[in-house]
1. Percent of Cα-Cα pairs more than 25 Å apart in chain C, please.
2. Measure out, as a whole number of angstrom, how far apart the alpha-carbon centroids of region B:144-165 and region B:184-218 sit.
3. From the alpha carbon gyration tensor of chain B, can you work out the equivalent ellipsoid semi-axes (sqrt of 5 times each eigenvalue) and give them in Å, largest to smallest?
4. For B:Pro75, what charge total do you get from the other residues with a beta carbon under 13 Å from its beta carbon, if Lys and Arg give +1 and Asp and Glu give -1?
5. Please arrange B:Leu275, C:Leu187 by how many other C-beta atoms lie within 10 Å of their C-beta, fewest to most.
6. What net charge do the residues around B:Gly343 carry, taking every other residue with its C-beta under 10 Å from that of B:Gly343, with Lys and Arg at +1 and Asp and Glu at -1?
7. Once the other residues with Cβ under 10 Å from the Cβ of B:Arg165 are scored (Lys, Arg +1; Asp, Glu -1), what is the net sum?
8. Over chain A, what is the mean sequence separation of C-alpha contacts under 8 Å (at least six apart), divided by residue count, expressed as relative contact order in percent?
Amino acid sequence: MPDRTSRFIWPILGLPGIVWIALFFLVPLYVVFCVTFGTVDPIFRSPVPAWNPLEWQFEQVVVVWDRLVGPNNFYLPPVLRTLLYVVVAVVACMIIAFPVAYFTARYAGRHRALILALLVAPFWISYMMRMLAWINLLQPDGLVNSIITLGGIIPLEVNWLSGNPFTVVMGLIYGYVPYMLLPLFAALDRISPSLIEAGRDLGASGFELFRRVILPMSVPGIVAGTLLIALPMMGDYFTSDMLSKSPNTSMIGNLINLSIATPGQSGQAGALLILVLLVLLAPMIWYTRSNAKAEVRS
Amino acid sequence: MADRPRPPISRRRLLQASALGVPGAWVLSSCARAQPLDSPAPAASAGGGSASAAASLPPLTEIPIASPQNPVKWPINPGNEPITSGLEPEMNATLRVYNYPDYVYKRVLKDFQAEYADYNVKVELSTFNDLPEALTKIRSGSVPFDVGFLTYNYMGKLVYGDLIRPLNHDYIPNISDVWEEFQNPFYDQGWQYTVPYTIYTTGIGWRHDLISEDIGARANPYDVFWDTKYAGAIAVLDDDREVIAMTILRNGGTDVNSGDPAVLGQTRDSMLEMLSVSQPRVTITGYTDIPEGTMSLSQCWSGDMITGQYYLPEGVDPGLLRYWSPPTGQGVIGNDFLCVLKGGENPVMAHHFLNYMLKSEVAMKNLSFVGYQPPLRSLTPEAMVADGLLPANLAGAIVKPEWFQVGYPILELPVAVEGEYQAIWQQFKSGG
Amino acid sequence: MTVSPAPAEALLSEAQEPGRDRAPRGMSGARAHGLAAITAVYLLWSLVPVAVVVLFSFNAGRSRSTWQGFSLRWYTWDPDGSVINDESIRNALTHTVLLAVIATAITVPLGVLFALALDRWRGRLPAGANFLALITFVIPEIALAIGLLFMVTYLATPFGLGTTAQIIGLVTFQLAYPIVICRARLLTISAHYEEAARDLGATALGAVRRVILPMLFPAILVSAILVFADVLDNFVLVRYLSSDASTETTSMRIYQVARAAPTPALNAMATIILVVSTLVIVVGWLLYRRWSKRQGESTDLSSFAGNL
């Protein structure tokens, strides 16, 4: 017999979580709006937030917008560069992750648990440590140069850490590819082997099987993986900072990071951030809703 | 099994939520800090509250700009008097020191702890990457920093932002060893707030085996940053004022604090040109990058190459490091200072620390690690060479006292001009 | 850095059917070998650099790229630089572990409770909150970090920058983990168990406590491990919300020092954190095994990895 209080227990249990999210997720975002649409103290150039939406002023947004599309639009190159790096990195991650995920899902057999564990390992190895690893390897006298020059014989030495965009993109790929692997693995894993068999029985060749059965069925995994790495990559600044330090590889995250620490520029950082979030809003919502559907499906 | 998930956000819900916006904003505005963490506290303390206290500071429209032609004696804000004489240092203090990385010898800090072991003091060193970041953190009041290693073009903000404590000279007798100039510097007449730490010039450092030419022999040595010859192997300092100053000097100007729009426009164009021609990195780590060979040449400060000897990999000859700055002294020259920050909890111990750093043995030991010259009478260039601190190949790194008459210090800027400089720097750092 | 919720559930469901035959028949040998080679190369590329970092933490000299002999110098006896003697490294290590423990201790109960509520409480409010929590998975971390930085700077919060702010940021960022993982697990727990318990006289709360929570144990365990490992590794949030040297973490330390004058002591510090992470995972696996044995469920590594 259900007791009277049972209906309220669930809301009570859920309330702390709701309060927390409201307080420490929504409120901070609102504060960002207030700072961005506020004013700047004329003497010390510290931002003065405007709490009332009716008092919001948009000069900071205008400044940022101007720097994006105006005559001296110097924000545009980092934005385009970021998009380029992200696209290249995502495609490369896909090319790398697909065969590995496919192998683990279909062919790994007895060793599957071990391989999965190894694939999952980067999640609990610090991202910074993995970047540090590459900084060490890419030193002028590091392992990579030693290998490609075969110990100093072939004069092929490259200065990897001198602001080379290739290094930054490789860093992004190295850092994010594990996050592409798991969704792909999950999607490929769901493909029932009987489907593959059926396709084979009907005379499909290996390539056709891939193109017409496996690829379409792995699309949810591909999309999930893409969103899962592309969105955080947009805000990445430390990869470029650690592996390059050159303005020629600066990304949107670097712009935001630079403005935050500079007195008087916090509003601009906020405006940039809001612009980035607006652009990412549609994919973010799409991703979350498709996940909600996935939850129901399983 | 479960019913179809309702769409997480419906239009009606959105409207309801936004209707909450205005009362929500009212709630937030009443929760706002009376004084945001990163803006200065009012000069009059709330405790006094009398009209006279509020009126004793002149109404602030513009912070005075100190320069060699216009020396400034800062006011002492009411409520911010120096500590009285004869106090004992605090017991069990954690002396929080805020500095650039690798800019003070940690052994010197440990020695201070040993010398004041009776008071059980612990020195805790925090670092910042650049001065704007440091100022933001200090203003935020989140950490009670006691001692700051800062630079004079932020003096106005420190004083009027009520972030700095005036010094009681009784605690700092070692000041007598300091060069005359710094007992009455233009940026702090009567050394009310600061004691000098190091002096330096800004020039160019390189490794001779990677760059065989003598940069100093060029007609315009700064031009090397616009030279395709060394593209990809050079760096400039991660300091907006330094890069802008160097560009102005390269273009033939002498006012490195210029507010002239024509000069600034030309500077902006030159800096962008530099980016495309030589793809420099932007970093203050020349003191390790050049010895290690990651970079061949960098804009750097005079102490960087001296301390760079310490970072050479084994087997590389220290004689390969070189430094150039204008031999007549007509280049960027500056000094850093030590100050006691108002937010700190241990002002007496902080005074003792300042005095300690002015001791010539301590300064010498510190110099052996950081490479920067302290302006002490007892530390003559001859003494530095004799002690092996200054090798012959780095003789150009010595700072001569007379250079302070002809050199170009980087000064504080009026607010509007500062905005211009920041915009140029942002554009530079965006990669053009 | 996050795991997508969808594969977590997919892997969970796979774990529930350990007997399902996985090996396709008639697989092409060449293709399998080719893919195996690719996988092997990938694993090497992924893990060997890390192994090199660990290796060079034992380097006898100062270089991080030239091997100069084996030594424990950077862990113990180097006077200025070793982990034991360099206070900044020690502080970073202890602070990192402290943050991880506290953040996990707050996040997991909060998230589990919320997942429980979500499962039974229908409505727009919980759905909206769930939606927001999922957004934290994909929002760039810098957005949350800046939001919290502004909030602490401009609102009269009882705390300033520092450990408290860092923990709050970390909990907010990680909250989605337990929510998603526990929800996925809850969806597979039939409502019959709870009904049976209630028929036997338990109150709603009692049913939760004595029936559902024990069944949720693997999900709770997995979320705790994930949150802990993720916090150990966090960078953007802790950096923006830090105050002074006492609130630095190992990732901040690596970031700052790697750009200046690193010694193998940095490698040593990273290795220590790696060991801590590994220990946590291993302990979690052992706990999982004990629980599974008692429940009679599959105990092999793949179902555990599947839960991850």
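1. 60 percent
2. Cα centroid to Cα centroid, the span is 21 Å.
3. Taking √(5λ) for each Cα gyration eigenvalue gives 38, 32, 23 Å.
4. -2
5. Ordered by Cβ neighbours within 10 Å, fewest first: C:Leu187, B:Leu275.
6. My count for the surroundings of B:Gly343 gives +1.
7. Once all neighbours under 10 Å are counted, the net charge is -2.
8. Relative contact order for chain A comes out at 24 percent.
A short reminder: the numbers here are calculations on the coordinates, not readings from a lab. The structure displayed is predicted, hence computed values, not measured ones. Glycine gets a Cβ as well: all are built from the backbone with ideal geometry, and neighbour counts include every protein chain shown.
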